[in-house]
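Student: Below are the structure tokens for one structure; questions will follow.
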């Protein structure tokens, strides 16, 4: 059983460009959350998707957007990249049914570098 | 609002010594609390969680943590450190009423284990 898979593992972009990161949740999971982890910091919650809708959002600008597909996979899009967007982007999946954060599984992340 | 403070960004212990990683939280509601471990170039792995049951929580790899409401603390301990314990450790808090909701992470503590 594959866990949470993210692609690509590494990405280099330049300022002003746009980027799309992808996440496939663990089998049986229907909820996907995205986190940004800057170097030397703890992860920060970006948003969460369930039933193809954004359900919760952290303190991130509208440049950060997402999407969830019928198969529960998800994309994170970042427009007009800034140097400060350089970070490890983590995807986490869970099952909504009977859910708390007890059963949150994280992927290995996508390392985004903005030059 | 919820927040987490991890005291000490870096802790160094000798192999076989006690590991103590400190975490204090702030929450307006009785929280759920978590400890995660992150090895280099990997995602987060759940070590243990407190979800309002027993205040002494046992996790994987010999780690345990005690929820102390009066001290708003959730410190992580392990009686005897092993070289393989060297990693980054994150304490996190969530609101149990926010089903499947976001985690608030601390800044992390890097644990080094000396031979």
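Student: Would you check which residues across the range B:1-42 are more than 16 Å from residue A:43 (Cα to Cα) and assigned to a loop (DSSP other than H, G, I, E, B) and list them?
Tutor: Across the range B:1-42, the qualifying residues are B:1, B:8, B:15, B:16, B:17, B:18, B:27, B:28, B:29, B:30, B:31.
Student: Also: State all residues of the range B:105-115 that are within 14 Å of chain A (Cβ to nearest Cβ) and crowded, with 20+ Cβ neighbours inside 10 Å; if no residue qualifies, say none.
Tutor: B:105, B:106, B:108, B:109
Student: Look at residue A:74 and say whether it is under 26 Å from residue B:47 (Cβ atoms), in contact with a helix residue (DSSP H, G or I) (Cβ under 6 Å, 6 or more places away or on another chain) and either more than 9 Å from every other protein chain (Cβ to nearest Cβ) or surrounded by 18 or more Cβ atoms within 10 Å (Cβ to Cβ) (or both).
Tutor: Spelling it out, it is not the case that residue A:74 is under 26 Å from residue B:47 (Cβ atoms), in contact with a helix residue (DSSP H, G or I) (Cβ under 6 Å, 6 or more places away or on another chain) and either more than 9 Å from every other protein chain (Cβ to nearest Cβ) or surrounded by 18 or more Cβ atoms within 10 Å (Cβ to Cβ) (or both).
Student: Tell me, which residue of the range B:43-54 that is closer than 28 Å to residue A:7 by Cα and in a strand (DSSP E or B) is farthest from the other protein chains (Cβ to nearest Cβ)?
Tutor: Selected residue: B:47.
Student: In addition: If a residue has to be assigned to a loop (DSSP other than H, G, I, E, B) and either surrounded by fewer than 19 Cβ atoms within 10 Å (Cβ to Cβ) or at pLDDT below 95 (or both) to count, how many in the range B:61-104 make the cut?
Tutor: Here the count works out to 14.
Student: Within the range A:9-30, does at least one residue satisfy the condition of being at pLDDT below 95 and assigned to a strand (DSSP E or B)?
Tutor: no
Student: Search the range B:55-68 for residues being in contact (Cβ under 8 Å) with a residue 24 or more places away in the chain and either over 26 Å from residue A:108 (Cβ atoms) or in contact with a helix residue (DSSP H, G or I) (Cβ under 8 Å, 6 or more places away or on another chain) (or both), and hand back the single one that is nearest to the other protein chains (Cβ to nearest Cβ).
Tutor: Of everything passing the filter in the range B:55-68, B:67 is nearest to the other protein chains (Cβ to nearest Cβ).
Student: Name, by its number, the condition in (1) within 11 Å of another protein chain (Cβ to nearest Cβ); (2) over 10 Å from the mean Cα position of the chain (by Cα); (3) on the phi < 0 side of the Ramachandran plot that does not hold for residue A:40.
Tutor: (3)
Student: Next question, about the same structure. So for the range A:57-64 (the condition being under 11 Å from the mean Cα position of the chain (by Cα) and within 24 Å of residue B:1 (Cβ to Cβ)), does at least one residue qualify?
Tutor: Yes, because at least one residue in the range A:57-64 is under 11 Å from the mean Cα position of the chain (by Cα) and within 24 Å of residue B:1 (Cβ to Cβ).
A quick yes/no check of all residues on (1) in contact with a helix residue (DSSP H, G or I) (Cβ under 6 Å, 6 or more places away or on another chain); (2) in contact (Cβ under 8 Å) with a residue 40 or more places away in the chain; (3) more than 13 Å from every other protein chain (Cβ to nearest Cβ):
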{"residue": "A:55", "(1), (2), (3)": "no, no, no"}
{"residue": "A:63", "(1), (2), (3)": "no, no, yes"}
{"residue": "A:67", "(1), (2), (3)": "no, no, yes"}
{"residue": "A:96", "(1), (2), (3)": "no, yes, no"}
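The values are calculated or read from the model by the stated rules, or taken from the named source; none is laboratory data. Source: prediction; values computed, not measured. In this analysis, Cβ positions are derived from the backbone assuming ideal geometry, glycine residues included, and neighbour counts consider all displayed protein chains.
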